[in-house]
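Undergrad: Next up is a structure, given as structure tokens.
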Amino acid sequence: MDTHTETTHTIDLEPAARQITGLLDGIDEQRLAGPTPCPDYTVRELLAHVAGLSAAFRDAARKSFGPTTDTAPDSTLPVLAGDWRETLPPLLDELVTAWRDPAARQGMTRAGGVDMPGEVAAVVVLDELVIHGWDLARSTGQTYEADEAGLRVSLAMLTPNDAVPRSERIFGRPVPVPADASLVDRTVAMSGRRPDWRPGD
């Protein structure tokens, strides 16, 4: 078994999902219209995106294909449900549980209208949770409680190499950071975000 396969078998989405759930109470209604490091999304739309990707990758883990797995994330601007505070935490729990089933990583699956191996999908969804957790924390003035294991998986996925060229359409151009930058800053910068971003920038 190669190193990549060993890594995907140890992935647990719970720390990154728990980070997002812990931020929700700190997001008041006034902040929903505020900016995020994702230029196309307000806080409201970023929360809706997190809800959408959670449902999509939950169903991808279950190999339950349909509208949640077949729709490209950029096809329409995501709309936040009115009861998001009640529905998003259990949705994140379902996502975590679905990917703890070893069958989720076996064979092919689909998310965002893209077919991919289950092991790749596990890495992709972890990166989504890690990066968007940082986005939400930074956008709403809250502390980001970094999970080192999740950050390292995310950084490895985002770092381009000869075998897997980087798609700047998806991630944006990496932002230069000092050689001694923290793991969080290096990961965020590799995703195309400025680690020192603040609302109003």
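The values are calculated or read from the model by the stated rules, or taken from the named source; none is laboratory data. For clarity, every value in this text was computed on a predicted model and none was experimentally measured. Don't worry about glycine lacking a Cβ; one is built from the backbone with ideal geometry, like all the others, and counts go over all protein chains shown.
Undergrad: Is at least one residue of the range 150-158 under 23 Å from SER75 (Cβ atoms), modelled with pLDDT of 95 or more, in contact with a Pro (Cβ under 7 Å, 6 or more places away or on another chain) and outside any loop (DSSP other than H, G, I, E, B)?
TA: no
Undergrad: Moving on. Out of (1) assigned to a loop (DSSP other than H, G, I, E, B); (2) in contact (Cβ under 8 Å) with a residue 60 or more places away in the chain, the odd one out for THR21 is which?
TA: (1)
Undergrad: Working only within the range 161-188, note down all residues that are at pLDDT 95 or above, surrounded by fewer than 14 Cβ atoms within 10 Å (Cβ to Cβ) and outside any loop (DSSP other than H, G, I, E, B).
TA: Scanning the range 161-188 gives a single hit, LEU183.
Undergrad: For the range 78-137, enumerate the residues that are more than 30 Å from GLU29 (Cβ to Cβ) and under 15 Å from the mean Cα position of the chain (by Cα).
TA: Once the filter is applied, which keeps residues that are more than 30 Å from GLU29 (Cβ to Cβ) and under 15 Å from the mean Cα position of the chain (by Cα), the range 78-137 yields TRP99, ALA111, VAL120, ALA121, ALA122, VAL123, VAL124.
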